[in-house]
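I have placed the structure first, in the form of structure tokens, so that the comments after it can refer back to it.
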Amino acid sequence: MFKLKKWVAIATMISVLGMAGCTPAAQDGGTPPAGSAAGSNGASSSAGVATGADEFPALDVLDLNEYRERADLMSFFSGTPNLNATKADGSKYKIAFSHYDEADESVAYSCRVAKEMAEKYGFEMVIFDAQQDPQKQRDHIAQAVTQKCDAVVVYPLDAISVSGAMKAAKDAGLVVICTGQTVDDTSAYDVYTGPNDTLSGQMAASAMIEIMPDGGKVGIIQGYPGSAPQIHRDEGFLGVMQSHPEYEILDRQTANWSTADAMNVMESYLSRYPDLDAVFCHFDLATLAAIQAAQAAGRADDIIFVSVDGTQGALDAIATGGPFKMTAMQDFKTMVEMQFAAALAILNGDGDMLEKETYINLVCIEQDNAKNFEAGWG
């Protein structure tokens, strides 16, 4: 039903990568801190600890009707930007794209969209693949300077390891666009354009409340502990739920961005919590694995699942009307288009039309609209 062979293959790949301390960031929702190794199951928190009144800023339930369509690219600009790729001397702008690993399906898809943007607007493109190596990514960003690129779009491996190289490129006169996740030094880039992970968790909580308005008992399967997506997806989800005591957070455990760990966590929840009503997963592959565990236990019809990512497998599963009810889809097509539009706008003097942090709206995928979208990956 959920292309089991494909998910098993992906789970095996992710488990191997996890043992090496690096997991495909966008495919599984985020990147572990550089140099750290993923554990097997992680720690859990009780409901009282998980939803302490002061742990997260209070967030409102969203009107999800505002998130059921892709955002228009031009809506992120305060005016009509100049996106000309030709300089005054007739030469073309040269833009580098430094990403962390094209072996990741979402990055490979992003590269395809980037090439389409280069062809559409006519700028010269250089693509650098760091292959999960922070030193390679630092070197690639430095090469963007020596190769006289006008701008560099950086999808950082993590929030810390490449910010110095980004700042050096910016100081050398390049326009620096950060995407995917922010880095610790906000002066290292001109504009961040990418997903808002807090919003994704807030959307998942809002969907759960819409689906089961009378409340229920909830488990959370997290991404890698301490990674920015894990922190902010919890912040969004629990920021809503802590104001709704009718929802009891039974437990939250890490799956380390690993489908194998996600299945182990779900099996634990099924054993320990016979009254479990719903599960929020930080990434779609965890959701698909958790549903398999629930099916094996004969409980898939009793539990609803909401998630974050927007893989094609998730869209297909949601379209069937089964236990997978909703995912907050990261719109990679719009994100990549925006990265290069932002670079061109700044190069042409229209950077004031953009916010420093330009978040690309996620799309609320439910059964009614799941067939209207193609993820392009997963």
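Numbers for the structure displayed
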quantity: HN-Hα J in Hz across region 179-190 - Karplus 6.51, -1.76, 1.60, θ = phi - 60°, x for Gly and Pro; calculated: 9, x, 8, 6, 10, 5, 10, 5, 7, 7, 9, 7
quantity: Magnitude of the charge dipole, region 140-189, Cβ model with Lys/Arg +1 and Asp/Glu -1, debye to 20; calculated: 140
quantity: Full-extension gain in nm, residue 357 to residue 185, via 0.36 nm per residue minus C-alpha separation; calculated: 60.6 nm
quantity: Given charges at Cβ of Lys, Arg, Asp, Glu: the chain dipole, positive-most of 173, 206, 257; calculated: 173
quantity: Residue-count net charge about residue 94 - beta-carbon cut-off 9 Å; Lys, Arg +1, Asp, Glu -1; calculated: 0
quantity: Estimated distance in nm for a label pair at residue 66 and residue 369, the labels positioned 7 Å out from Cα along Cα-to-Cβ; calculated: 1.3
quantity: Accessible surface, region 96-200, averaged per residue in Å² (probe 1.4 Å); calculated: 36
quantity: Helix 284-296 vs. the chain, principal-axis angle (Cα, 0 to 90°, nearest 10); calculated: 20
quantity: FRET E, pair residue 135, residue 92, Förster distance 30 Å, beta-carbon r, rounded to 0.05; calculated: 0.50
quantity: ³J(HN,Hα), Karplus 6.51/-1.76/1.60, whole Hz, each residue of region 365-370, x for Gly, Pro; calculated: 9, 10, 4, 5, 10, 4
quantity: Region 178-285 shape via C-alpha gyration tensor axes, a/c threshold 1.5; calculated: oblate
quantity: Residues residue 214 and residue 103, FRET efficiency given R0 of 56 Å [Cβ-Cβ distance, rounded to 0.05]; calculated: 0.80
quantity: Which of 84, 353, 62, positive extreme of dipole for the chain (C-beta unit charges); calculated: 84
quantity: Cα-based helix-to-principal-axis angle, 134-146 vs the chain, degrees rounded to 10; calculated: 20
quantity: CD proxy at 222 nm, helix term only [per DSSP H run n ≥ 4: -39500 (n - 2.57); per residue of the chain; nearest 500]; calculated: -11500 deg cm²/dmol
quantity: Per residue accessible area in Å² of region 313-378, where ligands, DNA and RNA are left out and the probe is 1.4 Å; calculated: 32
quantity: Net dipole in debye of region 250-346 [+1 Lys, Arg Cβ; -1 Asp, Glu Cβ; about Cα centre; nearest 20]; calculated: 80
quantity: Full-stretch length increase - residue 273, residue 120 - with 0.36 nm per residue and alpha-carbon distance subtracted; calculated: 49.8 nm
quantity: For residue 378, distant residues with modelled amide H under 5 Å away; calculated: 312
quantity: For residue 247, distant residues with modelled amide H under 5 Å away; calculated: 216
quantity: Rounded tilt (10° steps) of 4-19 against the dominant C-alpha axis of the chain; calculated: 70
quantity: Hz values of 3J(HN,Hα) by residue in region 256-269 - Karplus curve (6.51, -1.76, 1.60), Gly and Pro given as x; calculated: 6, 6, 10, 5, 5, 5, 4, 5, 4, 4, 5, 4, 5, 4
quantity: Shape call, region 225-319: gyration tensor on alpha carbons, a/c limit 1.5; calculated: rounded
quantity: Relative contact order, percent, the chain [alpha-carbon distance under 8 Å, six or more residues apart]; calculated: 23
quantity: Of all accessible heavy-atom area on the chain, the percent that carbon and sulfur account for (1.4 Å); calculated: 49
quantity: Separation in nanometres of the label points that stand 7 Å from Cα toward Cβ, at residue 55 and residue 348; calculated: 4.8
quantity: Cα gyration tensor shape of region 68-175, rounded if a/c is under 1.5, else prolate or oblate by comparing a/b with b/c; calculated: oblate
quantity: Interchain or long-range residues, amide H under 5 Å from residue 153's placed H; calculated: 96, 97, 98, 177
quantity: Dipole of the chain, positive direction: furthest Cα of 377, 288, 323, with charges on the beta-carbon; calculated: 377
quantity: Unit charges on C-beta of K, R, D, E only; dipole of region 222-286, Debye; calculated: 180
quantity: Identified option (computed Kirkwood radius over Cα pairs in Å; candidates (i) 20.9; (ii) 32.1; (iii) 22.5); calculated: (i)
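The values are calculated or read from the model by the stated rules, or taken from the named source; none is laboratory data. Quantities reported herein were computed from a predicted structural model and do not represent experimental measurements. Note: ideal-geometry Cβ built from the backbone for every residue, glycine included; neighbour counts use all protein chains shown. The area values use the complete protein model at the heavy-atom level, side chains included, leaving out ligands, DNA and RNA. Shrake-Rupley method; radii C 1.70, N 1.55, O 1.52, S 1.80 Å.
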